[in-house]
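First up is the structure itself, then whatever we jot down about it.
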Amino acid sequence: MRIIAGTHRGTQLAAVGAGDDAAHLRPTSDRVRESLFNVLQGGRFGDILRGARVLDLFAGTGALGLEALSRGAVHATFVDNGRAAQLLIRANIAKLRRERDTRLIPTSVVAIPAGQPCNLVFLDPPYGLALGHAALDAALRQGWIAPEALIVWEEGRGQVAPEGFSVVDQRRYGETFITLMRRDQAG
């Protein structure tokens, strides 16, 4: 697993290894991540990464948030309650020397504390456990999701937008579905 493009292009991230069965670590493959970021940097979304504040929920290795930083985001907050994931995120942040523009919140995403609004949110819950809607609701209630923020939701099936959000794109990569949603402007 590596950073695909930007200032940290080609940097190998910490290996997941055998992991922890309870951790549900399932890193987004390099191929899917590359395709996703090509979509994000395409004309449809403008230059959403430049200057972005990123929230990476169920962060796992932190690869999505770190890829965003490599491509021009100014800050990334990682949320994960798994010990194995927290160690990987810390190792990857240190490897890229991004301690100043990152924050790791070691808690369940549904217990996230209040925070600053982000305009790009990665949501990658363990597949099939129906945790995504609760995580999105918690982040919204705690002030993490800016009006018109783009939500990138990775799951084992396509997602329907909850109230206050609209699906703007949906793509399938093998067993992975990426649903892109916008928070309504009225928020």
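The values are calculated or read from the model by the stated rules, or taken from the named source; none is laboratory data. Nothing here was measured: the structure is a model prediction, and the numbers come from that model. All Cβ positions, even for glycine, are placed from backbone atoms using ideal geometry, and neighbour counts span all protein chains on display.
Pairs are defined by a Cβ separation below 7 Å, a sequence spacing of at least 6 or placement on different chains, a first member in region 153-170 that is surrounded by 14 or more Cβ atoms within 10 Å (Cβ to Cβ), and a second member that is acidic (D, E); the pairs so defined are E154/D124; G164/D184; F165/D184. So which of A130, A114 is hydrophobic (A, V, I, L, M, F, W, C) and either at pLDDT 95 or above or closer than 22 Å to V168 by Cβ (or both)? Result: A114 is the single residue among A130, A114 that is hydrophobic (A, V, I, L, M, F, W, C) and either at pLDDT 95 or above or closer than 22 Å to V168 by Cβ (or both). In region 95-113, the residues that are free of Cβ contacts under 8 Å to residues at least 60 places away in the same chain form Cβ pairs under 8 Å with partners that are of a type in the set (F, W, Y) and surrounded by 14 or more Cβ atoms within 10 Å (Cβ to Cβ), at six or more places apart or across chains, as follows: T102/F78; R103/F78; L104/F78; I105/F78; V109/F58; I112/W144.
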